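Accompanying notes for the structure given below.
The values are calculated or read from the model by the stated rules, or taken from the named source; none is laboratory data. It should be emphasised that the depicted structure is a prediction, and the values quoted were computed from it without experimental measurement. A quick note on method: Cβ atoms are made from the backbone with ideal geometry, for glycine too, and the neighbour counts reach across all protein chains shown.
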Amino acid sequence: MTTSAITLDMVISGVSIKRTWSTKNEAGETAKMNASIDFEGITLSQLCELACQPLVIRRQAIERKLSVSEIESSKGSVIHYSQMGLKVKSREEKVQDIMAAGLPRKLAEKAVDDPQGFKALMNSMK
């Protein structure tokens with residue numbers, strides 16, 4: 001069996017999704033719509049870009065409640081898509097969550113402050 005790596009330039013074929021929605025027009029009238037959205041020929045990169053648009057809007061709704069310094073403290077971080085609409089945790093809350101899973105404070109702090117270094121440390125212990 002041959003496997004190939006998935007790349008962002010891969011083209012998707014044969015995928016369509018049925019959706020139903022309603023739209024209120026400028027006259028105040030509401031129309032219901034259903035259609036299949038065809039993704040034939042889209043690249044994985046383009047599909048990810050489309051998926052990011054509503055995720056960024058979700059994240060912005062959370063960030064509106066934060067100070068500029070709190071928002072900017074997440075610069076450069078990796079945020080899992082499932083976390084984009086959830087409350088932003090402080091450093092201490094993240095450390096406490098990891099400690100609750102059983103790691104001592106120093107390792108929990110390493111995991112929060114230096115995720116790549118923590119990953120390398122964990123990999124070196126295998």
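Are there any pairs with C-beta distances below 7 angstrom linking a residue in the stretch 107-125 that is charged (D, E, K, R) to a residue that is surrounded by 12 or more Cβ atoms within 10 Å (Cβ to Cβ) and modelled with pLDDT of 90 or more, with the two at least 6 apart or on different chains, and if so which?
Glu109/Val95
Which one is modelled with the lowest pLDDT among residues in the stretch 69-79 that are exposed (fewer than 14 other Cβ atoms within 10 Å of the Cβ) and in a helix (DSSP H, G or I)?
Glu70
Which condition from (1) more than 25 Å from Leu8 (Cα to Cα); (2) among the charged types (D, E, K, R); (3) part of a loop (DSSP other than H, G, I, E, B) is the one that Lys106 breaks?
(3)
Going through the stretch 15-37 one residue at a time, which ones are among the hydroxyl-bearing types (Ser, Thr, Tyr) and surrounded by 10 or more Cβ atoms within 10 Å (Cβ to Cβ)? So that I can check it myself, show each step before the final result.
Taking the stretch 15-37 and keeping what is among the hydroxyl-bearing types (Ser, Thr, Tyr), we get 16, 20, 22-23, 30, 36.
Result: Ser16, single match.
Condition test on Arg59, is it of a type in the set (Lys, Arg), surrounded by 15 or more Cβ atoms within 10 Å (Cβ to Cβ) and without any contact (Cβ under 8 Å) to a residue 40 or more places away in the chain? Spell out the reasoning first.
On the way: of a type in the set (Lys, Arg): yes; surrounded by 15 or more Cβ atoms within 10 Å (Cβ to Cβ): yes; without any contact (Cβ under 8 Å) to a residue 40 or more places away in the chain: yes.
Answer is yes for this residue.
If the requirement is being within 30 Å of Leu8 (Cα to Cα) and among the aliphatic types (A, V, I, L, M), which of these qualifies: Val112, Val68, Val95?
When all the criteria are applied, what remains is Val112.
Hey, among Gly41, Gly102, which residue is under 24 Å from Thr20 (Cα atoms), among the small types (Gly, Ala, Ser), loosely packed, with under 12 Cβ neighbours inside 10 Å and at pLDDT 90 or above?
Working: Gly102 fails: under 24 Å from Thr20 (Cα atoms).
Result: Gly41 is the single residue among Gly41, Gly102 that is under 24 Å from Thr20 (Cα atoms), among the small types (Gly, Ala, Ser), loosely packed, with under 12 Cβ neighbours inside 10 Å and at pLDDT 90 or above.
Out of Leu86, Leu121, Leu66, which single residue is assigned to a helix (DSSP H, G or I), surrounded by 12 or more Cβ atoms within 10 Å (Cβ to Cβ), hydrophobic (A, V, I, L, M, F, W, C) and modelled with pLDDT under 95?
Leu121
Considering only the stretch 76-125, how many residues are hydroxyl-bearing (Ser, Thr, Tyr), under 20 Å from the mean Cα position of the chain (by Cα) and more than 20 Å from Leu66 (Cβ to Cβ)?
Summing the residues that are hydroxyl-bearing (Ser, Thr, Tyr), under 20 Å from the mean Cα position of the chain (by Cα) and more than 20 Å from Leu66 (Cβ to Cβ) in the stretch 76-125 gives 0.
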